[in-house]
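Q: Next up is a structure, given as structure tokens.
Please treat every number below as a calculation from the coordinates, not as lab data. Worth saying up front: this structure is predicted, and the values here are computed from it rather than measured. Positions of Cβ are backbone-derived with ideal geometry, glycine not excepted, and every protein chain shown enters the neighbour counts.
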Amino acid sequence: MSTLLEVSGVSVTFDGFRAINNLSIQIAEPELRAVIGPNGAGKTTFMDIVTGKTKPDEGRVVFGDRGDSLLGMSESQIAQAGIGRKFQKPTVFEAQTVRENIAMALKNKRGPFDVLLRRKTENREDRIRAISDEIGLTDALDQQSGSLSHGQKQWLEIGMLLAQDPRLLLVDEPAAGMTPAEREHTTDLLVRAAKTRAVVVVEHDMEFVRRLNCKVTVLHEGSVLAEGSLDHVTKNKDVVDVYLGR
Amino acid sequence: MKNTFIARNPSVLWFLAGLAIFTILVTIMSEATGFGLISTSFLKTLGKTLCLCLVAIAMDVVWGYCGILSLGHFAFFGIGGYAIGMWLMYARTEGIVLTSLKANALPPTATEITDAIGGQIFGVVGSSDFPMIWAFSHSLPLQLLAVILVPGVLALVFGWLAFRSRVTGVYLSILTQAMTLALSLYFFQNDTGLRGNNGLSGLQNIPGLEDQSQAVVSLWFFWASAIALALGYVLFAYVVSGKFGSVIRAIRDNEARVRFLGYHVEHYKLFVFTLTAMIAGVAGALYYPQAGIINPAEIAPIASIYLAVWVAIGGRGRLYGAVIGAALVSLLSSWFTGGSAPNINLGFYVIKWTDWWLVLLGLSFVLVTLFFPKGIGGIFDALAKKTPPNREGDFGPDKGAWRNEEGEPS
Ligand SMILES: Nc1ncnc2c1ncn2[C@@H]1O[C@H](COP(=O)(O)OP(=O)(O)OP(=O)(O)O)[C@@H](O)[C@H]1O
Ligand SMILES: [Mg+2]
């Protein structure tokens, strides 16, 4: 187990409001990590920073074996380096079919000429099939993804994440809009994925987090409030105060 | 590969068949074959229309598929016209000059010939020296290369600057308009060496084909335009059909999300912008020999806006829609503005279509956008009797994203 992602001393200010305040988090490979915290704690902003969407005012973000800094890289370079992301609000390409969405995410060369000249392969079809089986959308492969339900869009986005085959998965509230059975399936999937790679899950639902059965980081006002097993952090007095609201 | 491509895109076959039938019918009815049901001037109009269809599908790829509302593609079209026009003028003037100098006792020197050609071409702007920009005008292959390369390089440089700094939406459109305006002003200047507002003329006389009548030459250009449109259609259908098409449509609807999948969005935009600019240049190079004249007014910003209007009326994001829009609107436009449309006498006021056509066009544009967002091409969807899926909102957050009403029924 070695450190894959290291965020240290990162701060971000939006119009004078400090959304992230001297945040430091380390993620190993493989590892499953849950990040919890009240609304506005900075969980999504943390993912924005790692994926290059938001540039921090200060601090370091390094990734991979050689410890490359992510701060100078564009969103697409970061994604190519092996970081995949599922958004809080499911964002799939609604004008396109489920198959097209997954095909676009599949790990392959990303240059315009590569994409233009590539032929459809058996292998690709098999991978799409395997992923759609996993996310239960095989019957909907040729359906426009805009017509999927909210929960199905969540699944599709998880499927796209798996198709990318990244080293680090950042998963923002995957279980929203899912039935209890589907939530269970999601936990299984994430736990399995975390056997070979690093997975960071943001989730509000405590039952969900408990089933993940992993190390938990509690964020509050943009920095780490507590870290450890779920039982450990829920006993922490600060955490109890934050969640119950003083 | 060909088979599967056609199989996946049956509309390509339909289009090619339709175009072939149209070409054959027009050929049979042309003056060159003797039937003469279609006058040579109307044949030229039809040939020009095919070129406009070609630039319209290029516009559809860049705007309808990739979401870049370029208001500059007609400038690339014009540049293509100028590039071929320079050779046409040079070569033809050379022919005339050589014949007239033959009368001299001494054979003319090379400088005498060049000076005489220069005097003929640039007399209208009070000069006789060849400007730098005409350096390759004696060579057909080089000017043909320029038809593709000049628009291509211009689009590449402009696109690289614009996309790299992530200018999108309305701002990008304004930038492309600024580019177009700058170009047309540049062409207007006498100093540029392209005969200022006189433009290039006599382009319908093709050097080497002096023995052929205009009826025959026009038919050849009509065929060339049809072939170019067919090839362009297949090329663009290929580009927008596979995974590449998938990626650029994704960029149109939500480019930020595409970045998080690891695609360099700028490279894709640059590719599409440049490729379509080059095809626009080819379309222009076929158009202006049929028009006979090109001047800087052709490049004016408004021309590029018309292009967007055609595509919108035809239905963006559908190649056949762009063809229908361009053909219909440009033919109607020449009918109305050419004075063929009967005026309407309201008693107290006479509607002259030459004045009112633009108003009618503007009104139809607004009506189509409001009530038929899929454009005329959308009729094909309706014929296929598909019902749209039950969904809400647009297809993505971006400015260029397909609106919900534009969507394709699944
Ligand atoms: N682009 C932005 N501009 C201004 N403020 C922002 C921006 N992004 C986030 N914020 C603010 O930063 C704070 C942290 O937001 P963030 O979305 O990271 O919270 P979160 O922990 O994901 O909350 P939730 O559980 O509700 O998703 C919030 O107060 C939010 O309003
Ligand atoms: Mg959030």
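Q: Using only the Cα atoms of the range A:137-246, what semi-axes does the equivalent ellipsoid have when each is the square root of 5 times a gyration tensor eigenvalue? Give whole Å, largest first.
A: Working: eigenvalues 175, 48, 30 Å².
So the equivalent ellipsoid measures 30, 16, 12 Å along its semi-axes.
Q: For chain A, with the dipole built from +1 on Lys and Arg beta-carbon atoms and -1 on Asp and Glu ones, taken about the Cα centre, which of A:HIS204, A:ILE20, A:SER149 lies farthest toward the positive end?
A: Checked the options; the winner is A:ILE20.
Q: A further question on this structure: Cα centroids of the range B:271-286 and the range A:200-235: how far apart, whole angstrom?
A: The two parts, judged by their Cα centres, are 56 Å apart.
Q: Can I ask one more? Sort B:LEU54, B:LEU156 so the one with the fewest other Cβ atoms within 10 Å of its own Cβ comes first. Write down the numbers at each step before the final one.
A: Values: B:LEU54 30, B:LEU156 17.
Sorted ascending by nearby Cβ count, the order is B:LEU156, B:LEU54.
Q: Then there's this: A:LYS86's amide H: which non-local residues (gap 5+, or another chain) put their own amide H closer than 5 Å, with H modeled 1.01 Å from N in plane and none for Pro or chain starts?
A: Amide H neighbours of A:LYS86, under 5 Å, 5+ apart: A:LEU170, A:VAL171, A:ASP172.
Q: With springs only between Cα atoms under 10 Å, which of B:PHE122, B:PHE42, B:PHE260 fluctuates most in a Gaussian network model of chain B?
A: Looking only at B:PHE122, B:PHE42, B:PHE260, the largest GNM fluctuation is found for B:PHE260.
Q: Return the whole-Å distance between the Cα centroid of the range A:133-161 and the Cα centroid of the range B:124-153.
A: Taking the Cα centre of the range B:124-153 as reference, the centre of the range A:133-161 is 55 Å away.
Q: What's the exposure ranking of B:SER364, A:SER132, going from fewest to most Cβ atoms within 10 Å? Mind dumping the intermediate values first?
A: On the way: B:SER364 15, A:SER132 21.
Ascending Cβ contact count within 10 Å gives the list B:SER364, A:SER132.
Q: For the range A:74-82, what does the Karplus curve 6.51 cos²θ - 1.76 cosθ + 1.60, with θ = phi - 60°, yield as ³J(HN,Hα) per residue in whole Hz, taken in order and with x for Gly and Pro?
A: 7, 4, 6, 5, 4, 4, 5, 5, x
Q: Write out the chymotrypsin sites (Phe, Trp or Tyr not before Pro) in the range B:318-377 meeting two conditions: DSSP loop, and at most 13 other Cβ atoms within 10 Å of their Cβ. Walk me through the numbers before you get to the answer.
A: On the way: sites: B:TYR320, B:TRP335, B:PHE336, B:PHE348, B:TYR349, B:TRP353, B:TRP356, B:TRP357, B:PHE365, B:PHE371; in loops: B:PHE348, B:TYR349.
Those that pass, being in a loop and sparsely packed, are B:PHE348, B:TYR349.
Q: Next up: Out of B:GLN189, B:GLN290, B:GLN143, any idea which swings most in a Gaussian network model of chain B, alpha carbons joined below 10 Å?
A: Of the options given, B:GLN189 has the highest mean-square fluctuation.
Q: If you don't mind, there's one more thing I want to ask. For chain B, the longest stretch holding no GluC sites (Glu not before Pro) located in a DSSP loop with at most 16 other Cβ atoms within 10 Å is which?
A: Numbers: sites that count: B:GLU210, B:GLU392.
The answer is B:1-209.
Q: Could you tell me whether the range B:239-392 comes out rounded, prolate or oblate from its Cα gyration tensor? Rule is a ≥ b ≥ c as square roots of the eigenvalues, rounded for a/c under 1.5, then prolate if a/b exceeds b/c, otherwise oblate. It would help to have the intermediate numbers written out before the result.
A: Details: a/c = 2.55, a/b = 1.48, b/c = 1.73.
Note, shape of the range B:239-392 comes out oblate.
Q: Quick one: Cα centre-to-centre distance for the range A:61-95 and the range B:196-217, in angstrom?
A: Taking the Cα centre of the range B:196-217 as reference, the centre of the range A:61-95 is 57 Å away.
Q: Shifting gears a bit: Quickly estimate the mean residue ellipticity at 222 nm for chain B, helices only: each DSSP H run with n ≥ 4 gives -39500 (n - 2.57), and the total goes over all residues, rounded to 500.
A: Calculated from helices alone, the mean residue ellipticity at 222 nm is -22000 deg cm²/dmol.
Q: Just from its helices, what would the mean residue ellipticity at 222 nm be for chain A, if runs of 4 or more DSSP H residues each count -39500 (n - 2.57) and the sum is divided by every residue, rounded to the nearest 500 deg cm²/dmol?
A: Details: 10 runs with 92 residues, N = 246.
Here the helix-only value at 222 nm equals -10500 deg cm²/dmol.
Q: In a shell of Cβ-Cβ distance under 13 Å around B:PHE122, excluding B:PHE122 itself, what net charge do Lys and Arg (+1) and Asp and Glu (-1) give? Intermediate results must be reported in sequence, preceding the final value.
A: Details: positive: B:ARG195; negative: B:ASP115, B:ASP129, B:ASP191.
Within the 13 Å Cβ shell, the charges total -2.
Q: Project the alpha carbons of the protein assembly as shown onto their principal axes and report the range along each, largest first, in whole Å.
A: 109, 58, 56 Å, listed from the longest principal axis down.
Q: Please rank B:LEU235, A:LEU169, fewest neighbouring Cβ atoms within 10 Å first, as an exposure proxy. Walk me through the intermediate numbers first.
A: Values: B:LEU235 15, A:LEU169 25.
Lowest count first: B:LEU235, A:LEU169.
Q: Let me ask something additional. Based on the alpha-carbon gyration tensor of chain B and its eigenvalue square roots a ≥ b ≥ c, which shape applies: rounded if a/c is under 1.5, prolate if not and a/b is larger than b/c, or oblate? Don't skip to the answer; put the middle values down first.
A: On the way: a/c = 1.81, a/b = 1.49, b/c = 1.22.
The shape class here is prolate.
Q: Continuing with the same structure: Could you identify which residue out of A:ALA95, A:ALA193, A:ALA175 has the top mean-square fluctuation in a GNM of chain A using Cα springs shorter than 10 Å?
A: A:ALA95
Q: Give the average, rounded to an integer, of partner chain Cβ atoms located within 10 angstrom of each Cβ in A:110-118. Present the calculation step by step, with values, prior to reporting the outcome.
A: Values: counts 8, 5, 12, 3, 2, 10, 10, 2, 3.
The shielding value for this peptide is 6.
Q: So, with +1 on the Cβ of K and R and -1 on the Cβ of D and E, and no other charges, what is the size of the charge dipole of the range B:5-306 about its Cα centre, to the nearest 20 debye? List each step's numbers first, then the result.
A: On the way: 14 positive and 13 negative charges, 228 e Å.
The dipole of the range B:5-306 has a size of about 1100 debye.
Q: Next up: To the nearest 20 debye, what is the magnitude of the charge dipole of the protein assembly as shown about its Cα centre, counting +1 on the Cβ of each Lys and Arg and -1 on the Cβ of each Asp and Glu?
A: Values: 56 positive and 56 negative charges, 124 e Å.
Using Cβ point charges on Lys, Arg, Asp and Glu, the protein assembly as shown gives about 600 debye.
Q: Using r as the Cβ-Cβ distance of B:TRP335 and B:TRP14, and R0 as 41 Å, what FRET efficiency do you calculate, to the nearest 0.05? Write down the numbers at each step before the final one.
A: Details: r = 26 Å, r/R0 = 0.64.
Calculated transfer efficiency: 0.95.
Q: Report the relative contact order of chain A, percent, no decimals, based on alpha-carbon pairs under 8 angstrom and at least 6 residues apart. List each step's numbers first, then the result.
A: Details: 439 pairs, mean separation 68.5, N = 246.
After rounding, I find 28 percent.
Q: How large is the Kirkwood hydrodynamic radius of chain A, counting all unique pairs of alpha carbons, in Å?
A: Working: mean 1/r = 0.0532 Å⁻¹.
Result for chain A, one decimal place: 18.8 Å.
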